[in-house]
Each structure stands twice: as structure tokens, then as C-alpha cells.
Amino acid sequence: MNRMLTVIGLMSGTSLDGVDAAVIRTDGERVAEFGPDLSLPYPAALRQRARKILDEAATLSPDSPELMAVEHEITRYHIDAVQQLQALVPDVDLIGFHGQTILHAPDRHHTWQIGDAQQLSRATGLAVIHDFRSADVAAGGEGAPLVPWFHAALLQDAPKPVAVLNIGGVANITLVDADGTIHACDTGPGNALLDDWALRHTGTACDVDGKLAATGTVNQTIVEDLLAAPYFARPAPKSLDRQTFAAALDRVSGCTPADGAATLAAFTVEAIRRTPLPTRPARWYVCGGGRHNPILMHAMQAALGAPVEPVDRLGWNGDALEAQCFGFLAARSVHGLPISAPTITGGPDNLSGGRLTCAGLMPVPAWIRKTGAA
């Protein structure tokens, strides 16, 4: 039996809103306990700089001064989040550090998350597991989504087939079939297009409570045009970059702000409905920021033909779930357990992943040496 670890998981998602951090006690297979969690929002100026990095990532040099400056600032927020949780939970073993994705191109065997794991380790005095996606992408997998192992662990006793739908900047689904098999993929855009549209037309970083979309009319012709993109004809598993559908904003540019928001929301929901799954879920649970948007939730209830509820109904913390997940995956990684699989990421096998840095620990703790991770 693997050692139970107290891990701080960290996640900064494609919405670029800030850092989520959460404590979890786990051996990478079972969850013994959830600890405290917190969110540290990025200031508007940092969000704007990070968004510019995303827009330019395809042509950006890794030694770009602005890239390195943004990476440093983002890492500082992660350090602050960890140190606040260390003050509450002093005996932490490990950090799971996802970093900030700026480019995800598995078709080119490339995925890029920024964040300085050595700086994080030195500042906190903890071992850090990072770079979770690269091993799977290098082996031919999609490198995403990685949350399904965690969802499945939490759903062990739930009636199946059941789906967990994460609506962040990109939306992804975990389906746990009746026989326990895990299937997963990115379904399409999540909140990213809506967020960008709302910021452009209202100056607010998201469509709060779906109020803008609620007053608009869906342009179904545009929705169908957007769904004709080659991505939606591909079988699962498959994954996206946040910017994959950025051109959709140009497609709705002739709409009123409200109609554009309604059309982009309908695009997100219809992409979820059309996702190729081997079994239709008997129930859907929704996490991520999208579950706070009543327009998305109401539309999914109408479209999916099964009950749709926020994961909070299961007693889960829907705002901390991804951070908890990367704590869970860090424990799996340090114990050599798989974090990807053919039916999850499309890779050739159940593969472990993640890299360990112990820059803040000298000597390396004996328990890490015993796992073989050091």
C-alpha cells in the first residue's frame, strides 16, 4: 500500500483568473481527507499580460523577457498561495504544480505550461511535482484532460454511467461507464469565448450570472457553422488549446452584445451535446466556473436528456476541484501510478507522468527516495 501524503495542489486555468490551491490527503488512489483551500485572483494587469502571452505563444521564444517576467509573477502568486496554506497545515509533504498553460498542441507533440518549479520548491521548502502533460504528449497522447482519474476516484460509489463535466476556459468530460471504464475528452469551448466577449463589450471579465446571454437570441446558423469545424468530427479522446476557437469571436462580431453572448453559450452547450461517447450518462455533474452560469446550466438540462447538477450536490467543492486534482495526481506521480490512459488521453498505454524537483530540500526526504521518484 502506498504512503498517504498531505499534498497542496495548485491550478491556474485557461480562464486566467488566478491561482486555486487546495490541501488533500491521498495516496493517489484513495482520498482520505480534504483540507483547506483558497483562491488568489490575479490583478487585471497580470491577466492582460498573461493573455497577451497566450495570444503570442505559438511564435514566442522561451527566453522572451516578457514571458520570463510573467512566469516569475505567476510563480510568486503560487508561492503566496502555498505559504498561506502551510500556515494552516504545517506538515505538508508535496506540491502538485500544474502551472499556466500558454500553448497546447498535441498534434505537434507539444504542450507548454509556464511556472518555475524550482523557485516554488526553494521558497516553500517542499518537493514539487510539475510538468504533468509532457510525457503523455511525447508518447502520442493528447496530454489532456488529466482530471478523470480524480473524478473516477471520487465517483467509486456513485451509480453509473455518470459524467463529470468541467466547464473552465475549455470544457472537458469524464464518463465513468457501468463497468468502471473511464472515457474522457475536451468537448469544445467552455467559458473562454464568453469571457472574452463579455470583456470586450462590458469591461467585465465574464458574463456574470449569464445576464448578458439571457437577454439575447441565439443565431443558430452561426452555431452550426462553428460546429462544422474539423475538431467536432474527430473521435475521442481529443483535446484543445484555449485559442482553438478564437475565430468564433469574429464570426459573432456582427451580433449585438447580448445575441453574441447567447450564441457563444449555445455553441458551448451544443458541442457538449454532440460529444461522441460510448454510453450516454444517466446523470451529469458540472464543475468549474460554468456551473455558476444559469444560462449554461439551464441549456444543458434541456439538451442532455438527463439530470444536470453542480458537483456541489455530491458534497464536492466545485471551485477547488481542479486544485485538489493536481494534488491527487502529484501523489500518483510520486508513487509511479498512471496519470493518463488510452481512453482518457489517447496515449498508447497507462502512463505515469510529472517531474519532481526538490530544489528546496537538502537532503531529499527518505520517503521520496524510497518511491524511486528522486
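The values are calculated or read from the model by the stated rules, or taken from the named source; none is laboratory data. Because the structure is a prediction, the values reported are computed rather than measured. For neighbour counting, all protein chains shown are included, and Cβ atoms are generated from backbone atoms with ideal geometry for every residue, glycine included. Areas reflect the complete protein model, heavy atoms only, side chains present, ligands, DNA and RNA absent. Shrake-Rupley method; radii C 1.70, N 1.55, O 1.52, S 1.80 Å.
Structure notes:
- When each of 83, 48 is tested for being over 19 Å from the mean Cα position of the chain (by Cα) and modelled with pLDDT of 95 or more, the lone residue that passes is 83.
- Taken over the stretch 161-216, the criterion of being of a type in the set (D, E, K, R) and open to solvent by 40 Å² or more (accessible area, probe 1.4 Å) is satisfied by 179, 200, 209, 211.
- Look at (1) out of contact with any helix residue (DSSP H, G or I) (no Cβ under 8 Å at 6 or more places or on another chain); (2) in contact (Cβ under 8 Å) with a residue 60 or more places away in the chain and you find that residue 296 fails only one, number (1).
- Test result for residue 27, modelled with pLDDT of 95 or more, within 18 Å of residue 130 (Cα to Cα) and not aromatic (Phe, Trp, Tyr): yes
- Filter result (closer than 23 Å to residue 66 by Cα and among the small types (Gly, Ala, Ser)) within the stretch 111-165: 115, 117, 121, 123
- Candidate set from the stretch 20-35 (those that are assigned to a strand (DSSP E or B), under 18 Å from residue 126 (Cα atoms) and out of contact with any Asp or Glu (no Cβ under 8 Å at 6 or more places or on another chain)); member that is least open to solvent (accessible area, probe 1.4 Å): 26
- The stretch 1-35, residues that are under 20 Å from residue 86 (Cβ atoms) and among the aliphatic types (A, V, I, L, M): 4, 5, 7, 8, 10, 11, 19, 21, 22, 23, 24, 32
- Restricting the stretch 53-68 to residues that are over 20 Å from the mean Cα position of the chain (by Cα), closer than 24 Å to residue 189 by Cα and not aliphatic (A, V, I, L, M), the residue that is most open to solvent (accessible area, probe 1.4 Å) is 59.
- Within the stretch 43-52, being open to solvent by 50 Å² or more (accessible area, probe 1.4 Å) and not polar (S, T, N, Q) holds for 43, 44, 45, 47, 49, 51, 52.
- From the list 79, 129, 53, 102, the one residue that fits, being more than 26 Å from residue 345 (Cβ to Cβ) and either acidic (Asp, Glu) or touching a Leu at 6+ places or on another chain (Cβ under 7 Å) (or both), is 79.
- Hits in the stretch 247-261 - residues which are in contact (Cβ under 8 Å) with a residue 40 or more places away in the chain and surrounded by fewer than 20 Cβ atoms within 10 Å (Cβ to Cβ): 249, 256, 257, 258, 259
- Of all the criteria given as (1) open to solvent by 40 Å² or more (accessible area, probe 1.4 Å); (2) modelled with pLDDT under 95; (3) not hydrophobic (A, V, I, L, M, F, W, C), the one not satisfied by residue 242 is (1).
- Residue among 284, 316 that alone is under 19 Å from the mean Cα position of the chain (by Cα), under 21 Å from residue 12 (Cβ atoms) and modelled with pLDDT of 95 or more: 316
- Qualifying residue in the stretch 146-161 (condition: in a loop (DSSP other than H, G, I, E, B), under 21 Å from residue 301 (Cβ atoms) and without any contact (Cβ under 8 Å) to a residue 40 or more places away in the chain): yes
- Restricted to helices (runs of 4 or more DSSP H) entirely inside the stretch 175-284, those with at least 1 residues that are closer than 26 Å to residue 311 by Cα are 192-202, 211-214, 257-273.
- Qualifying residue in the stretch 361-374 (condition: within 30 Å of residue 198 (Cβ to Cβ), among the hydrophobic types (A, V, I, L, M, F, W, C), open to solvent by 40 Å² or more (accessible area, probe 1.4 Å) and in a helix (DSSP H, G or I)): no
- If you go through the stretch 311-334 and pick out every residue that is open to solvent by 30 Å² or more (accessible area, probe 1.4 Å) and in contact (Cβ under 8 Å) with a residue 24 or more places away in the chain, you end up with 6.
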